[in-house]
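Student: Following this message is one structure expressed as structure tokens.
Bear in mind that the values in this text are calculations on the coordinates, not laboratory data. Predicted model, so just to flag it, every value in this text is computed and none were measured. Virtual Cβ from ideal backbone geometry, glycine too; neighbours counted across all protein chains shown.
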Amino acid sequence: MNKPRNWSGRSQKVASPFLPVMLAGLFVIGVALACNLPAQSDKSGGAPAASPTALVVVLPTITPLPSPTPLPTGTPSPTETPSPTDTPVPSPTPIPPSPTVDVLALMKSANIVLYEDAIGTGLPRYVKTALDGMGLGYTDTVDRIGDFKEELTSGKTWDLIIVASEARGGVRGEFFDYIGENLDKGSAVIIELWYLDKIFDGRIKPILENCGIAFQKNWNNTNERAQFWLVPDSPVFHEPNDGVYLTRYLNYWLGDVGDLIKIAPGGDATLLAGVVSTTAETNGTLASCHNGRMLIQTFSSHDYRKEDIVPLWQNYITYVLKNRFESK
């Protein structure tokens with residue numbers, strides 16, 4: 001026995017909207033055919049029924065459903081409102097660099113006062129020779145101690161004060177008060193003296209303490225007077241004159257030929273030269289301090305050759321004046 005076909009077993013499809021109409025039409029056709037079936041012959045011998053009339057079935061016109069309105073492919077994105085243009089932050093105005101100091105031009109107009117007492121001994125004036133060779137103007141008090149005092153106390157602004165007190169003389173006591181006052185105002189100072197052992201605990205003491213050096217010992221009656229550069233690359237030994245050395249000496253002075261100094265707390269001193277090459281803290285004879293505005297030399301210039309010592313003094317002068325003007 002055949003099983004009824006399971007219509008639900010077909011692949012599931014969406015029913016057509018025309019299927020009910022078609023079924024209704026078939027039903028009408030079935031009824032019509034039933035009404036017009038031919039009569040069966042009479043078993044009693046009666047006449048057969050008339051032939052059936054041809055049936056024309058007119059199917060109703062199916063009005064097609066309107067096609068669905070296609071959905072829009074996508075909702076257009078709203079027009080993006082442009083963000084306002086950010087106001088640019090102005091760049092900071094660069095700070096102009098500090099003007100370059102024309103040291104050479106300033107040196108030509110520097111106020112310099114010189115005390116150099118070698119003239120009383122008949123010795124050549126090495127410091128005067130150095131200044132003249134550089135073409136610098138200066139107030140020369142020679143060895144006139146009263147004139148020197150008058151210049152230091154005049155109230156004038158000195159760019160450089162030079163004390164070359166080599167000829168067993170004169171600058172002591174109150175003079176270091178005046179020099180210290182000018183140093184505090186910004187003046188550059190170069191001091192050469194051989195008698196620190198006699199005055200180090202006097203009125204020069206504040207200058208030494210502010211510098212950062214102290215008396216170590218007397219340098220007496222020695223035949224070995226070579227100076228060694230403890231800071232070989234310092235401008236003191238190269239500008240404007242390079243290749244300056246004090247390894248040759250003359251032994252002009254006898255007996256007490258100078259003093260040795262050492263580094264002490266309280267300042268910014270650097271020992272630039274000394275009689276022992278292996279130490280930079282003691283046995284010094286040349287020191288720099290006050291940011292290079294001050295040099296103190298504790299040996300005598302005339303114990304060395306003129307062609308060596310004059311260029312060194314020119315380097316001294318350039319060094320302290322440069323630092324003086326740059327500090328301003």
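Student: List the residues, sorted by chain then number, that are 5 or more residues from Val142 or on another chain and whose placed amide H is less than 5 Å from its amide H.
Tutor: Glu116
Student: Rounded to the nearest 0.05, what FRET efficiency is calculated for Lys108 and Val231 with R0 set to 30 Å and r the Cβ-Cβ distance?
Tutor: The pair Lys108/Val231 has a calculated efficiency of 0.60.
Student: What residues have an amide H closer than 5 Å to that of Ser165, excluding those fewer than 5 places away on the same chain, when H is modeled at 1.01 Å from N in the peptide plane?
Tutor: Under 5 Å from the amide H of Ser165 lie the amide H atoms of Glu192, each far enough along the sequence or on another chain.
Student: Moving on. Using the Cα centre of the range 103-327 as the reference point, and only Cβ charges (+1 on K/R, -1 on D/E), how large is the resulting charge dipole? Debye, rounded to the nearest 20.
Tutor: 80 debye
Student: Just list whichever of Lys205/Lys306; Lys128/Lys322; Lys156/Lys262; Lys217/Lys328 have alpha carbons separated by over 24 Å in the model shown.
Tutor: Distance filter (> 24 Å) returns Lys205/Lys306; Lys156/Lys262; Lys217/Lys328.
Student: Between Tyr245 and Asp147, what is the spin-label point distance in nm, taking each point 7 Å from the Cα along the Cα→C-beta axis?
Tutor: Inter-label distance under the simple model: 3.9 nm.
Student: Given H placed 1.01 Å from N in the peptide plane, which residues other than close sequence neighbours of His290 have an amide H under 5 Å from its amide H?
Tutor: Asp268
Student: In percent, what relative contact order does the range 134-197 have, based on Cα pairs under 8 Å that are 6 or more apart in sequence?
Tutor: Once divided by the residue count of the range 134-197, the mean separation gives 39 percent.
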